[in-house]
């Protein structure tokens with residue numbers, strides 16, 4: 001009889017008495033909290049991206065400057081994916097207003113877009129969360145520089161920035177990578193062919 005009541009008590013013991021139960025329960029609670037925080041962070045990230053995309057769209061709609069283009073172009077923006085579209089659109093307008101033919105302007109703009117995407121996505125330990133685009137037009141060529149404010153990882157620049165850098169080299173006549181302690185520049189040059 002004493003044995004039977006002992007068995008009943010053991011079966012009715014709370015599960016906390018089992019080895020490791022509290023640790024498993026705590027771990028499950030921490031995992032659930034981490035999932036909630038991850039989901040909230042992603043929702044905030046998505047909202048920030050929507051707001052920045054909306055801002056860029058507004059800027060693009062109102063960016064209709066007329067007249068002749070100056071010989072230099074300058075653009076600076078925060079490291080947002082949507083900023084790449086704004087840089088691309090403004091550069092294309094500058095090139096076309098400066099008399100660069102559509103096919104050449106498209107090639108230069110695509111090369112710039114790839115360099116800007118790298119400047120947004122890849123800087124290591126950036127000192128500033130921005131990138132810059134500068135261009136100069138002469139009668140013979142366009143020189144274009146895209147600068148970010150981070151160092152590249154040790155190793156091959158080609159391996160780090162991959163296909164985008166290869167595409168830039170195919171579209172432009174000359175491409176150089178200039179690195180400093182707190183910045184990386186892709187300097188590109190495209191010869192302007194005389195109109196046929």
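No value in this document is a laboratory result; all are computed from the given coordinates. Remember, it's a predicted structure, so these values are computed and weren't measured experimentally. Cβ atoms come from the backbone with ideal geometry, glycine included; neighbour counts cover every protein chain shown.
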Exercise. Using mean Cβ contacts within 10 Å as the protection proxy, how do 73-79, 29-35 order, highest first?
Worked result: 73-79, 29-35
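What FRET efficiency comes out for residue 121 versus residue 36 if R0 is 30 angstrom and r is the Cβ-Cβ distance? Round to the nearest 0.05. Could you put the intermediate results ahead of the total?
Numbers: r = 28 Å, r/R0 = 0.92.
After rounding to 0.05, the efficiency reads 0.60.
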